[in-house]
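These notes are about the structure you will find just below.
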Amino acid sequence: MAIEDDVVVVGGGIAGMATALSAAREGAQVRLLSHKESTLRHASGLIDVLGYADGLVADPFEAISGLPEEHPYRTVGEEGIRDGLDLLDSVTDYAGGHTDRNALVPTFGGRIKPTARYPKTSASGLASDDRDSLLVGFETVVDFDAPLAAERLSADVPFDARGVTVAFLGDFRTDARITRLAHALDENERIERTRNGISTSLPARTALAERVKPHLGDAERVGFPAMLGEERPGEVIASLEAELGADVFEVPMGPPSLPGMRLETAFHDALKDEGVRTTSGNPVVDFEGGDELEAVVVERNGAEIPFYGDQFVLATGGLVGKGIDSTRERVSEPIFDCHVPAPEDRYDWSDPEAFGEHSFARFGVETDDELRVLDADGEPEFDNLRAAGGVLGGYDFAAEKSGSGVSLSTGVVAGRIASEQVNVNP
Amino acid sequence: MSEKQADRRDAAELRDVFTGEPLDLRPGSDDCYKCSTCDTECPVAEVDDDFPGPKFQGPEQWRLKRKEDQDIDDSIMSCSNCMRCDSVCPSDVPLSGMHNTARGEYVEEEMSKFSREYIRNRILANYGRLAPLGAKFPRLANFVMGLSVTKTVYEKLLGIAGEREFPAFAEQTFTDWWEERGGNAASKKRAERNRGEEESDDKRVAYFHGDYSNFNTPEVAKSMVRVYEEFGYEVVVPEQRCSGTPMFANGMLDDAKRAAKFNIETFAALVEQGYDVICSCTSCSMALRQEYPELYSFDGTAKVAANTYEALEFLRINEDLDGALADASVPESEFGSLAYHAPCHARNQGLDGQAVELLSALDGTDPVDVGDSCSGISGTYGWKEEKYDTSMKIGEEMFEHMEDTEGETGMTECPTCAMQMNHGTGYDIRHPLEVLDAALVS
């Protein structure tokens with residue numbers, strides 16, 4: 001009589017997708033509800049587990065026991081984190097799995113980011129590698145100022161980093177989308193060039209290498225903003241390396257982020273392979289049920305569409321992802337109105353210092369050991385509602401650099417338990 | 001609390017700093033933080049390097065327009081109104097609403113009413129007003145429209161792409177069939193018979209068939225009626241106008257408003273009596289659900305939007321459609337592997353996975369989703385001579401994926417996507433309702 005699945009996951013980010021995959025791999029029929037397309041194109045594409053906890057973290061697994069009791073990592077434990085990373089490795093061909101230790105990836109701001117997994121396209125750029133580097137920016141890709149990034153980087157790394165800005169190839173619009181430029185490299189489109197009145201045309205990858213060669217100097221590796229192809233970055237990088245005689249790597253960028261889009265595609269393919277049913281475009285706004293949750297309700301311009309399930313997982317994100325909301329009076333979780341602990345006086349929600357200990361950064365729902373969402377009295381809000389990812393409280397993903405790791409690990413665990421619980425009490 | 005703290009709190013209290021301004025698109029514009037995600041999702045920008053993309057057409061253009069000497073850029077006419085930007089914006093900016101408004105303003109203020117483009121667009125947008133003529137003499141009309149001389153004249157005179165085949169007019173329109181069959185009263189009887197003893201009060205739907213299934217593909221509309229009656233629903237078919245989709249897309253907002261007003265009044269009255277509104281075309285349901293409430297505030301607009309459903313969606317929510325299909329089958333020779341394309345407008349309503357999900361359980365067919373690319377025709381867009389190449393370039397990916405499927409039959413909910421699918425591959429294109437009809441009724 002209705003749209004019905006075993007496990008219904010609310011939220012289409014990394015946490016929701018990891019939950020859905022995990023539950024489907026355990027045998028459940030899974031529905032993934034996502035308000036919009038995934039927000040992964042806002043993400044760097046790097047998979048952090050734990051970058052900072054009282055300073056830079058070298059090995060996240062060694063630092064977990066020192067985290068506060070309410071941190072989601074304490075709930076899922078080292079095993080949960082490893083399972084989360086295994087799931088990622090089964091979906092992508094990311095690098096970093098050879099060690100527990102954090103890799104140091106240069107960012108487009110010229111900083112170093114400690115991260116657990118990174119796209120292979122960034123592998124030659126690691127800061128722990130001491131080869132001299134050239135960073136290349138493009139005049140029209142204004143988010144990446146290569147000379148500035150190189151200058152900042154030089155202060156922190158044991159190698160020489162130089163930066164240069166060149167014009168991109170051909171006569172693309174000044175505000176051409178980054179995906180358009182990536183596409184030209186993917187397809188190796190022929191680029192017209194006029195010199196001394198003579199017009200020649202070169203394949204895009206060759207033309208790009210030609211443009212960079214005069215600046216190469218002693219550099220043994222060359223970093224570009226992460227736009228070296230959308231579908232075939234490996235091929236683009238190999239061509240550039242062959243032409244330049246140097247290693248080539250991508251520097252992760254802000255939105256729209258190609259590494260994020262590639263990660264999204266990898267997850268979507270995996271979800272499809274596992275038979276997960278994805279429904280996106282409209283928000284979940286309400287639910288049906290009492291102690292036991294029966295359905296979540298999606299709103300489509302006033303019409304309410306229930307999606308029934310046996311088990312539910314909330315993976316709607318935190319304050320930024322709109323999984324946690326606030327008014328001037330209170331902090332809330334908008335779908336089920338789950339309990340979200342917060343100081344009564346809203347002036348205690350934040351710290352006067354910009355980089356101080358902000359309470360708002362840790363806002364989120366509380367769970368028991370099985371990731372079931374708890375009410376103010378510490379009892380489950382519903383017998384069959386779990387939570388994963390940013391909607392969880394007790395951690396500050398931005399300060400810790402732990403966002404993806406928490407999403408993957410809690411997603412895997414929540415999805416697995418949800419799947420195990422299906423039809424336990426028919 | 002110190003006095004200073006108290007002052008700070010007071011100063012921070014929420015207040016409306018834009019009081020007195022009429023309701024406008026400022027919130028949409030302010031919510032855009034220029035992440036450019038919409039631009040990466042735009043099928044036109046994907047193939048047309050000159051098109052500035054949805055972010056410019058929406059929030060940026062709106063801001064530019066705050067300066068009095070700024071006109072709407074003519075590139076707005078290259079937006080195909082696929083509305084994909086809406087479904088990716090993480091900030092809920094009403095992009096397609098902003099595009100519709102800008103396009104309307106451009107057409108109203110900058111396009112000459114005597115230009116070939118305006119006349120052609122007006123004709124295309126008002127297909128529903130002209131179709132009855134053709135439908136009166138379908139054979140003659142089909143013959144004339146199929147003549148190469150007609151196409152040449154249309155192309156030269158009006159700028160309608162000569163490569164396109166005009167859709168054939170049906171021998172009998174859906175509404176003529178409906179009347180001949182006995183109209184609402186006959187449907188009530190059939191539904192009652194199929195229901196048997198069951199209570200009837202809430203099994204009533206009002207069908208918004210749209211112009212295309214009335215004049216060109218009445219088999220889709222007939223399937224809708226038969227399938228709904230099979231489940232015990234009484235169908236009514238009220239008089240109706242075009243949903244407005246082609247008018248929004250061509251910036252003919254006055255035409256759209258007249259049509260919308262008529263439809264809203266008609267269907268709001270039925271919703272009031274307990275009917276739900278059912279569409280078989282996903283662009284029609286999109287118009288009733290999203291564009292009407294975005295652009296109009298006639299009495300009943302929100303009520304119609306909240307009670308409008310796509311045909312399969314409604315049955316899925318209210319009936320055991322999965323169960324019915326699990327016990328049914330269709331002839332494999334007729335359906336087999338169906339190359340399914342999800343229309344962009346279905347995508348926005350969250351309906352893109354539905355047809356494949358449902359019909360996979362049905363014996364005799366194995367629907368395959370051909371991917372998430374746009375078909376490229378976008379209603380009247382691909383009919384324009386100057387847009388034809390863009391339209392076909394956008395469609396390329398879909399054509400390729402369709403060719404990869406085993407059979408030579410396609411499936412989609414949108415009549416113009418169906419046209420494009422057929423045009424690019426030669427496949428016969430079916431509507432999911434026709435499959436349901438074959439499985440559950442015929």
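Every number in this text was worked out from the coordinates using simple rules, so none of it is lab data. Nothing here was measured: the structure is a model prediction, and the numbers come from that model. Cβ atoms come from the backbone with ideal geometry, glycine included; neighbour counts cover every protein chain shown.
Numbers below:
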{"item": "Electrostatic dipole magnitude of the protein assembly as shown [Cβ: Lys, Arg +1; Asp, Glu -1; Cα centre; debye, to 20]", "result": "3280 debye"}
{"item": "Under the Karplus curve 6.51 cos²θ - 1.76 cosθ + 1.60, θ = phi - 60°, whole-Hz ³J(HN,Hα) for the range B:223-237, x wherever Gly or Pro sits", "result": "4, 4, 4, 5, 5, 5, 5, 4, 7, x, 8, 7, 9, 10, 10"}
{"item": "For the range A:277-286, 3J(HN,Hα) per residue [Karplus equation, 6.51 cos²θ - 1.76 cosθ + 1.60, θ = phi - 60°, Hz, x = Gly/Pro]", "result": "8, 9, 10, 10, x, 9, x, 7, 10, 7"}
{"item": "Semi-axis lengths (Å, descending) of the ellipsoid that matches the C-alpha gyration tensor of the range B:116-158", "result": "19, 16, 5"}
{"item": "Within 10 Å of each Cβ in A:172-183, the average number of Cβ atoms from other chains", "result": "4"}
{"item": "Calculated from backbone phi, Karplus (6.51, -1.76, 1.60) coupling profile of the range B:296-302 in Hz, x at Gly/Pro", "result": "10, 10, 4, 4, x, 4, 5"}
{"item": "Set of aspartates and glutamates with alpha-carbon distance to B:Lys387 below 18 Å, sequence-local pairs under 8 removed", "result": "B:Glu46, B:Asp48, B:Asp49, B:Asp50, B:Asp73, B:Asp74, B:Glu117, B:Glu155, B:Glu163, B:Glu165, B:Glu396, B:Glu397"}
{"item": "Within the range B:29-110: Cβ-based charge dipole about Cα centre, in debye rounded to nearest 20 (Lys, Arg +1; Asp, Glu -1)", "result": "320 debye"}
{"item": "Chain A: most fluctuating residue of A:Pro343, A:Pro60, A:Pro233 per GNM, C-alpha cutoff 10 Å", "result": "A:Pro343"}
{"item": "Computed [θ] at 222 nm, helices only, for chain B once each DSSP H run of length n ≥ 4 contributes -39500 (n - 2.57)", "result": "-14000 deg cm²/dmol"}
{"item": "Viscosity 0.890 mPa s, temperature 25 °C, Stokes-Einstein D of the range B:126-180 from Kirkwood C-alpha radius, µm²/s", "result": "202 µm²/s"}
{"item": "Per chain B, cysteines lacking a partner by the 4.7 Å Cβ criterion", "result": "B:Cys32, B:Cys35, B:Cys42, B:Cys79, B:Cys89, B:Cys242, B:Cys374"}
{"item": "Top of B:Arg347, B:Arg226, B:Arg258 by mean-square fluctuation, Gaussian network on chain B, Cα under 10 Å", "result": "B:Arg258"}
{"item": "Diffusion constant of the range A:1-54 at 20 °C, which comes from Stokes-Einstein with the Kirkwood Cα-pair radius and 1.002 mPa s, µm²/s", "result": "166 µm²/s"}
{"item": "Rg over Rh, two decimals, chain B (C-alpha only, Kirkwood Rh)", "result": "1.00"}
{"item": "Those aspartates and glutamates that a straight Cα-Cα span of less than 16 Å connects to A:Lys36, excepting residues fewer than 8 apart in one chain", "result": "A:Glu264, A:Glu299, B:Asp31, B:Asp39, B:Glu41, B:Asp86, B:Asp92, B:Asp352, B:Asp372"}
{"item": "Equivalent ellipsoid, the range A:1-100 (semi-axes from 5 times Cα gyration tensor eigenvalues, Å)", "result": "28, 16, 14"}
{"item": "Given charges at beta-carbon only (K, R positive; D, E negative), |dipole| of the range A:205-314 in Debye", "result": "720 debye"}
{"item": "Value of Rg/Rh across chain A [Cα atoms, Kirkwood radius]", "result": "1.02"}
{"item": "Charge-dipole axis of chain A as Lys and Arg at +1 and Asp and Glu at -1 on Cβ define it, positive-most pick from A:Gly411, A:Leu314, A:Gly12", "result": "A:Gly12"}
{"item": "Value at 222 nm in deg cm²/dmol, rounded to 500, when DSSP H runs of n ≥ 4 in chain A each add -39,500 (n - 2.57)", "result": "-8500 deg cm²/dmol"}
{"item": "Rg followed by Dmax, in Å, when the protein assembly as shown is reduced to its Cα trace", "result": "28.6, 88"}
{"item": "Coarse-grained scattering of the range B:174-318 at q = 0.10, 0.18 Å⁻¹, given as base-10 log I(q)/I(0) from a Debye sum over alpha-carbon atoms", "result": "-0.32, -1.01"}
{"item": "Amide H within-cut-off set for A:Asp5, under 5 Å, with H built and near neighbours excluded", "result": "A:Tyr308, A:Gly309, A:Asp310"}
